[in-house]
1. Checking the cross-link filter: which lysines have an alpha carbon closer than 23 Å to that of A:K16, excluding same-chain neighbours under 8 positions apart?
2. How big, in percent, is the set of alpha carbon pairs in the protein assembly as shown lying more than 23 Å apart?
3. Taking beta carbons within 10 Å but only from partner chains, what does the mean come to for residues A:102-112?
4. 5 Å is the cut-off here: which amide hydrogens, built 1.01 Å from N in the peptide plane, fall below it relative to B:R55, excluding neighbours closer than 5 in sequence?
5. Report the relative contact order of the stretch A:1-41, percent, no decimals, based on alpha-carbon pairs under 8 angstrom and at least 6 residues apart.
6. What percent do you get for the relative contact order of the stretch A:32-96 when only Cα pairs under 8 Å and 6+ apart count?
7. Provide the descending list of Cα extents for the stretch B:12-54 along its principal axes, expressed in whole angstroms.
8. Using only the Cα atoms, what convex hull volume per residue in Å³ does chain B have?
Amino acid sequence: AQKITQTQPGMFVQEKEAVTLDCTYDTSDPSYGLFWYKQPSSGEMIFLIYQGSYDQQNATEGRYSLNFQKARKSANLVISASQLGDSAMYFCAMSGPFTGGGNKLTFGTGTQLKVEL
Amino acid sequence: KAGVTQTPRYLIKTRGQQVTLSCSPISGHRSVSWYQQTPGQGLQFLFEYFSETQRNKGNFPGRFSGRQFSNSRSEMNVSTLELGDSALYLCASSLDRSTDTQYFGPGTRLTVL
């Protein structure tokens, strides 16, 4: 069975600093996708970044980058130059297994990020 | 392009009642997935529909059901509501392949009294 582990329930960072949110995963499937979503207090899940298991390079999307270390089964999210609007819950998720088709996400427990002045 | 829409946004029901939630995917998206989010259990996958067929199902009792229409819009139904069904129900849509990114709607917050 697939599993996502986020060991940081809460994180604080000062505005304009970089922050790393940890995510480790477990799967026996050779093909999978890794995602990060942001959930503000309003509840909507906002897609941030995606990394495929066969991608050679780390994914980047603006201020977000994904530090993918396949051998260690980790997919940490790095947010550069934090802004007050980055304060939210962040979820790491994995898609798969893909046998039989289907698009299903397994989520971690989330990390609550608070950006301070 | 319009995002995923969910109606209603908030719902209050009493135990034993049933409820239907609606989700309209992003135009062109054929896969719709449903998730339940609670403080105790976190985010859990309910089911996924693709081309009007349930393609994937999570570990929920039969009281939870869904369907998808020919225009890809989806509904989920919960019968005989229990207090533990109080949750944020999130709908997500994606193109069609298993690796495609899922984009979420704003959710429906269901309270069961």
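1. A:K38, A:K114
2. 48
3. Mean number of neighbouring Cβ atoms from other chains: 6.
4. For B:R55, whose amide H was placed from the backbone, the distant partners under 5 Å are B:E48, B:Y49, B:F50.
5. Relative CO of the stretch A:1-41 lands at 49 percent.
6. Once divided by the residue count of the stretch A:32-96, the mean separation gives 40 percent.
7. 36, 23, 18 Å, listed from the longest principal axis down.
8. Expressed per residue, the convex hull around the Cα atoms of chain B is 93 Å³.
Read-outs: derived from the displayed coordinates by stated rules, not from any lab. The shown structure was predicted, so the numbers you read here are calculated from the model rather than taken from an experiment. In this analysis, Cβ positions are derived from the backbone assuming ideal geometry, glycine residues included, and neighbour counts consider all displayed protein chains.
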